[in-house]
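To start, the structure itself, in structure tokens.
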Amino acid sequence: MKLKIALQRSGKLAEGSKELLRKCGIGFSHGGDKLRAEASDFPLEIFFLRDDDIPDYVADGVADIGIVGENVLAEDPKPIEVLERLGFGRCRLSIALPKAAEYAGLSDLSGMRIATSYPGILRSFLSNRDVLADIHEISGSVEIAPSIGLADAVCDLVSSGSTLFSNGLREVETVMSSEAVLIAQPAIDGEKAVLLDKLLFRIRSVIAASQNKYILLNAPLEKVDEISSILPGMKSPTVVPLAESGWVSIHSVISEHDFWEVVDSLKRAGAEGILVLSIDQMIR
Ligand code: PRT
Ligand code: ZN
């Protein structure tokens, strides 16, 4: 019995998906163009597919689970379950206009021709806001549509923004934010459900680790209470004496999200020699 997972073969999610499995301790080898691989350390079979096909493969039960962008699911909903947001493949679907075009608000989009590969998401975004625009569905190279006179605006995925910038476009509205998610067929049961639980446990440990940092610092003994209150940790911080009397080393885990604010507070509270390390796995 093997769990079957569908991953993007090549593209923006391919590396992150393979890296996630690797961090879960699941090794596999596949030559560049192979469509299938067997994992060596976990009962898992891996299919490498086009991202657009992954939700169908999972809905049809050809694969049990898959990794795909939320934008793909929102454009073409399928009877599948989203099990976990994976924290990579982050992007946003945005409306952009030529740099020189004036833009005061959504109503300026009325009557415009907007080129996109995401007509469904864009249509509901606009109709929920009572904007009537002309949606042109195109399958690729959306960013060149205004310069060749095909459209007045685009609605496309953006991550760094450099594609829009180099095509003379500027973002004016965010339609949706997206990241890679783990999807599953709702009907998984029995032995496969046990395997899926085991894999999910590992994935959640990897995600938790990537969202947290291990921090070590030195502090005078009389500052331990104040510093501990800034550092909640998994239970409470570890405090160990230093060779120099009156000083301790404090270890804890902090969230990457408010990392810099915490470091600032620690310095103000008298922390010295602050070291921050990344965490491989975090088992809760
Ligand atoms: O061949 P296949 O069909 O599998 O791949 P694809 O070409 O359809 O998809 P791909 O690899 O481009 O994207 C797969 C998924 O990655 C998307 O569905 C998103 O969920 C996610 N993702 C994250 C992105 C981006 N970031 C992204 N930047 N998808 C596309 N882009 C493109 C965007 O369309 C634009 O052309 O990158 C360009 C913009 O990037 P910046 O950095 O210049 O802003
Ligand atoms: Zn695709």
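Using only alpha-carbon positions, what ratio does the radius of gyration of segment 193-267 give when scaled by 2.2 N^0.38 Å?
1.40
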Return one number: the angle in degrees, 0 to 90 and rounded to the nearest 10, between the long axis of the Cα atoms of helix 14-23 and the longest principal axis of the Cα atoms of the chain.
30
With Ile5 itself left out, Lys, Arg at +1 and Asp, Glu at -1 over residues whose Cβ is under 9 Å from its Cβ give -1
Modelled label-to-label distance, Arg50 and Glu191, 7 Å Cα→beta-carbon offset: nm?
3.4
Evaluate E = 1/(1 + (r/R0)^6) for His251 and Ala100, where r is the Cβ-Cβ distance and R0 equals 41 Å; express this FRET efficiency to the nearest 0.05.
0.15
Ranked from highest to lowest mean number of other Cβ atoms within 10 Å per residue, what is the order of the peptides 240-247, 151-158, 188-195, 202-209?
151-158, 202-209, 188-195, 240-247
Based on alpha-carbon atoms only, what is the radius of gyration of the chain relative to the globular estimate 2.2 N^0.38 Å?
1.27
Which entries in the list Lys34/Lys78; Lys12/Lys34; Lys12/Lys198; Lys18/Lys78; Lys4/Lys34; Lys12/Lys213 go over 21 Å, if you measure between the two C-alpha atoms of each?
Lys34/Lys78; Lys12/Lys198; Lys18/Lys78; Lys12/Lys213
Computed over segment 87-230: relative contact order in percent, which uses C-alpha pairs under 8 Å that are six or more apart:
33
Between Leu221 and Ile274, take the C-beta separation as r, use R0 = 25 Å, and let me know the FRET efficiency to the nearest 0.05.
0.90
Keeping all protein chains in place and using 1.4 angstrom, which order do Thr116, Thr163 fall into by accessible surface area, from largest down?
Thr163, Thr116
Potential extension, Ile283-Glu261 segment - 0.36 nm per residue separation minus Cα distance
5.4 nm
Subtracting the Cα-Cα distance from 0.36 nm times the residue separation, let me have the gained length for Ile148 to Lys78 in nm, one decimal.
21.7 nm
Using only Cα atoms, figure out Rg for segment 234-284 and give it as a multiple of 2.2 N^0.38 Å.
1.26
Any chance you could check the Cα centroid distance between segment 76-102 and segment 194-272 for me, in angstrom?
33
Just to verify a number: what accessible area does Asp225 come out at with the full protein assembly present, 1.4 Å probe, Å² rounded to tens?
130
Taking only C-alpha pairs under 8 Å that are 6+ residues apart, what is the relative contact order of the chain in percent?
19
With charges only on Cβ, +1 for K and R and -1 for D and E, what is the dipole size of the chain about its Cα centre, in debye, rounded to 20?
560
Place a point 7 Å from Cα of Ser139 in the direction of its Cβ. Which residues in segment 91-122 have their backbone N less than 14 Å from it?
117-118
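Using the per-residue mean of other Cβ atoms lying within 10 Å as a proxy for protection, in what order, highest first, do the peptides 275-283, 5-13, 37-45, 17-25 fall?
Values: 275-283: 12.4, 5-13: 20.3, 37-45: 15.7, 17-25: 18.4.
Packing proxy ranking, top to bottom: 5-13, 17-25, 37-45, 275-283.
The values are calculated or read from the model by the stated rules, or taken from the named source; none is laboratory data. On a predicted model such as this, the values are computed, not experimentally measured, just so you know. Quick reminder, even Gly has a Cβ in these numbers, built from the backbone with ideal geometry, and neighbours come from all protein chains shown. The accessibility values were calculated without ligands, DNA or RNA, using every heavy atom of the protein model including side chains. Shrake-Rupley method; radii C 1.70, N 1.55, O 1.52, S 1.80 Å.
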